[in-house]
1. Could you rank the peptides 175-181, 44-50, 58-64 by their average count of other C-beta atoms within 10 Å per residue, with the highest value first?
2. In the chain, which helices (entire DSSP H runs) extend 15 Å or more along their own long axis, judged by Cα positions, while averaging at least -1.0 on the Kyte-Doolittle scale?
3. Quote to one decimal, in nm, the extra length available between E114 and W51 on full extension: 0.36 nm per residue of separation minus the C-alpha distance between them.
4. Amide H neighbours of V104 under 5 Å, at least 5 residues apart or on other chains, H built in the peptide plane: list them.
5. Can you list the lysines whose alpha carbon sits under 19 Å from that of K124, skipping same-chain ones fewer than 8 residues off?
6. So for the pair R71, W44, with labels modelled 7 Å out along Cα→Cβ, what separation do we get in nm?
7. Within the set K86/K120; K54/K86; K11/K153; K86/K153, which residue pairs have Cα atoms separated by over 18 Å?
8. At R0 = 35 Å, how high is the FRET efficiency between D22 and K124 if r is their beta carbon distance? Nearest 0.05 is fine.
Amino acid sequence: MITLLTPLIEKVVTEFIPDEKDAIEVVTGNTCLLDGSLSPCWSWAGHRELWTRKHGTTGHNFQVITDLHGRIIYISPAIDGSIHDKTAISETPVAAILQHSHSVIADKGYQGCEYITPRKKPKKGELSKRDKEYNKQISRLRAPVEQAIAHIKNWRILHTDYRRPLSTYTTTFRATIGLYFFKTNFA
């Protein structure tokens, strides 16, 4: 039944998933929050591209853009888990969307992307008191995107290991994201 219904659900709810154009319209001139997440999956033999050292497991990486209140503006297509967040934004429409925003607040994984990010501790050194306070403020501002990702991951399919055939993942991911936006629009 799952094999039969998932593509049908994806087809029905696709219209509720914001595309690049919709996202650009919302982010233009606004401050956005950005974070990436991993949707874990089984370790399929021969698919090392899904391995992420950061999480110590296999999965698919997706990027989430929210406003300052945590309302989700855009969820990127899922890509291989081995791809770092900083690279993932250029391999998905995320970087193009965020070019239209006033500013972007993100975590340390996006340093060097011209976004507002926390400061890293220097090698063999400590952060100054001022840097620690700065990082604390950035963390407070980023809390809504973290909560939004947690809310998305309430959909168990994105939180637990994906066990169906790997070739079905994209359809399942889009169906799940579509259901999320459908629920958001009609709740």
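No value in this document is a laboratory result; all are computed from the given coordinates. As the structure is a prediction and not an experimental result, all values here were calculated from the model. Glycine gets a Cβ as well: all are built from the backbone with ideal geometry, and neighbour counts include every protein chain shown.
1. The packing order, highest mean first, is 58-64, 175-181, 44-50.
2. 2-13, 169-186
3. Values: separation 63, 0.36 × 63 = 22.68 nm, distance 2.73 nm.
Working it through step by step, the gained length comes to 20.0 nm.
4. C32, I116
5. Candidates past the 8-residue exclusion: K108, K132.
6. 3.7 nm
7. Details: K86/K120 15 Å; K54/K86 13 Å; K11/K153 21 Å; K86/K153 21 Å.
Violating the 18 Å limit, Cα to Cα: K11/K153; K86/K153.
8. So, using R0 = 35 Å, E works out to roughly 0.15.
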